[in-house]
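Notes for the one structure printed next.
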Amino acid sequence: MLEPEFAVWMIVIIMAFAILYLLVDRHKLKKMSYKDEMTGLLNRNALNDFFRKYQNRDKDIAVLFLDLDHFKEINDKLGHHVGDLLIRAIGQRLLLFMSPSVRVFRIGGDEFLIIVERYDMQQAERLADQILYCIRNVYDIGGLDLRVSGTIGICLGTMKDDPITLLRNSDSAMYKAKQEGKNHYFIYNNQLGEVVN
């Protein structure tokens, strides 16, 4: 028979471990809810959290909206399984760009968003070139050599700007680049309210 004091301490220790387990489990779940399962990149939940957390800070950012070129044809011709493997491989390459000041999000099927803090236009353009170069290399997917390119729209702003406007402007620049032949980037000019090359 256990002493009453010992039994109480055992209950306290067991409860402390249970609470610790729940806290760790909750932390794991929260981390999982911020990651894109297929690529390991950040997801829309993380994007919303990022804008919520840093809203109203006077911090310059560059928003790069990346859309893959001809991805639908690959999906239609070779099947969604191959398309998924290709997205996963592209995600692995984009992970290389992640840093404390660069966040890469997968926001939809073949759409990605890169948010860079404290960047000017030249740095944003250089990063866009690096990303496009990295994506263009051949992918070995199940014995198939696949090539894919990307198109990027760039918008500069601050964390005080409306996130929806930043995303819409970078998206507009990306669509303009697509119309002009894909596999490059266009910039949204905030002063003129239009897309420029």
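Residue 65 contributes about 20 Å² of solvent-accessible surface, heavy atoms of the protein only, 1.4 Å probe.
Counting only Cβ charges, +1 for Lys and Arg and -1 for Asp and Glu, the dipole size of the range 58-139 around its Cα centre is about 320 debye. Take the Cβ atoms of residue 121 and residue 19, set R0 to 45 Å, and the FRET efficiency comes out at 0.35. Within the full protein context, the accessible area of residue 180 is estimated at about 110 Å² for a probe radius of 1.4 Å. Taking trypsin sites (Lys or Arg not before Pro) across the range 93-156, the ones in a DSSP loop with at most 13 further Cβ atoms lying within 10 angstrom of their Cβ are 118, 147.
The values are calculated or read from the model by the stated rules, or taken from the named source; none is laboratory data. Because the structure is a prediction, the values reported are computed rather than measured. Glycine gets a Cβ as well: all are built from the backbone with ideal geometry, and neighbour counts include every protein chain shown. The accessibility values were calculated without ligands, DNA or RNA, using every heavy atom of the protein model including side chains. Shrake-Rupley method; radii C 1.70, N 1.55, O 1.52, S 1.80 Å.
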